[in-house]
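Novice: This is the structure I have questions about; it appears just below.
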Amino acid sequence: DAGVIQSPRHEVTEMGQEVTLRCKPISGHDYLFWYRQTMMRGLELLIYFNNNVPIDDSGMPEDRFSAKMPNASFSTLKIQPSEPRDSAVYFCASTPKRSTDTQYFGPGTRLTVL
Amino acid sequence: AQTVTQSQPEMSVQEAETVTLSCTYDTSESDYYLFWYKQPPSRQMILVIRQEAYKQQNATENRFSVNFQKAAKSFSLKISDSQLGDAAMYFCAYSRFGNEKLTFGTGTRLTIIP
């Protein structure tokens, strides 16, 4: 089975531009997570979904960030407008429905905002 | 709030030797999950080992084993017969359930000396 797929792998944009990161979870997984990794803050959860419904978005930094999951096989994380401090690696992870399951991570998207 | 602490920013070990990475955590829960993830230069997050808090037996996966001390809230990772491919950042992580958010430590960079 394919793992979690993220695109693009690298994104370079200029401040003020809109950025959209994409994630395809492992087929059959009910939970999808977005994490951000920075030198200053380490790895932190931004938001997660269960059956396409956002469950906890307390980690979303501010209104410039939004995430959607229109169906079970696709999610987007959008930043509008982007700022240099948004530069980070963004990971998507998924897990099946059981509370005992483990999260499987995608390869990450490295975002650079100039 | 749960916290995870990794007090060793960097560690090094001779190839074929054994190394132990430390992790402590804080939680008021009695049931939870602990994980060690490996992040090589490719930045892919790879699950190394997991431990369920209700299990007294320490988890093992080939050359990787943990020393789980629930009362002390300690969760160390032992790597035996270290190999060059073990060089990476290692993150300790906590979650209440497998399908809830992961809280990560700050990581330990492991260097393998040939």
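Novice: Residues with amide H under 5 Å of residue A:55's amide H, sequence separation 5 or more or different chain, H placed in the peptide plane at 1.01 Å from N; which?
Specialist: Hits under the 5 Å cutoff: A:48, A:49, A:50.
Novice: Under the definition of Cα pairs under 8 Å and six or more residues apart, what whole-number percent is the relative contact order of the stretch B:1-93?
Specialist: About 35 percent, as a whole number.
Novice: For residue A:97, what residues show an amide H to amide H distance below 5 Å, using hydrogens built from the backbone and excluding near sequence neighbours?
Specialist: Hits under the 5 Å cutoff: A:30.
Novice: I'd like the FRET efficiency for residue B:16 and residue A:55, computed as 1/(1 + (r/R0)^6) with the beta carbon distance as r and R0 of 45 Å, rounded to 0.05.
Specialist: Result of the calculation: an efficiency of 0.50.
Novice: Computed FRET efficiency, Cβ-Cβ of residue A:17 and residue A:72, R0 25 Å: what is it to the nearest 0.05?
Specialist: Efficiency, from the Cβ-Cβ distance: 0.30.
Novice: Taking every DSSP beta bridge that has both residues in the protein assembly as shown, what percent is antiparallel when rounded to the nearest 5?
Specialist: Given both bridge residues lie in the protein assembly as shown, the antiparallel proportion sits at roughly 90 percent.
Novice: Let me ask something else. I'd like the Karplus ³J(HN,Hα) series for the stretch A:79-93: coefficients 6.51, -1.76, 1.60, θ = phi - 60°, whole numbers in Hz, and an x wherever there's a Gly or Pro.
Specialist: Couplings: 10, 8, x, 7, 10, x, 5, 7, 4, 5, 9, 10, 10, 10, 9 Hz.
Novice: Compute the distance in nm between two label points, each set 7 Å from the Cα along the Cα-to-Cβ direction, one at residue B:71 and one at residue B:3.
Specialist: Output for this residue pair reads 2.3 nm.
Novice: OK, next. Among B:78, A:24, which comes first, then next, by fewest other beta-carbon atoms within 10 Å?
Specialist: B:78, A:24
Novice: Could I ask something else about it? In nanometres, what is the gap between the two model label sites at residue A:98 and residue A:41, each 7 Å from Cα along Cα-to-Cβ?
Specialist: Simple spin-label model gives 3.3 nm for this pair.
Novice: I've got another one for you. For residue B:101, give me every one of the lysines with a C-alpha distance below 17 angstrom, ignoring sequence neighbours fewer than eight places off in its own chain.
Specialist: By straight Cα distance, residue B:101 reaches A:97.
Novice: If you don't mind, there's one more thing I want to ask. Tally the DSSP beta bridges in chain B and give the antiparallel ones as a percent, rounded to 5.
Specialist: If we restrict to bridges inside chain B, about 85 percent are antiparallel.
Values quoted throughout were computed directly from the atomic coordinates according to the rules given, and no laboratory measurement underlies them. Here the structure is a predicted model, which is why all the values come from computation and not from measurement. Cβ sites come from the backbone with ideal geometry, for glycine too, and all protein chains shown count toward neighbours.
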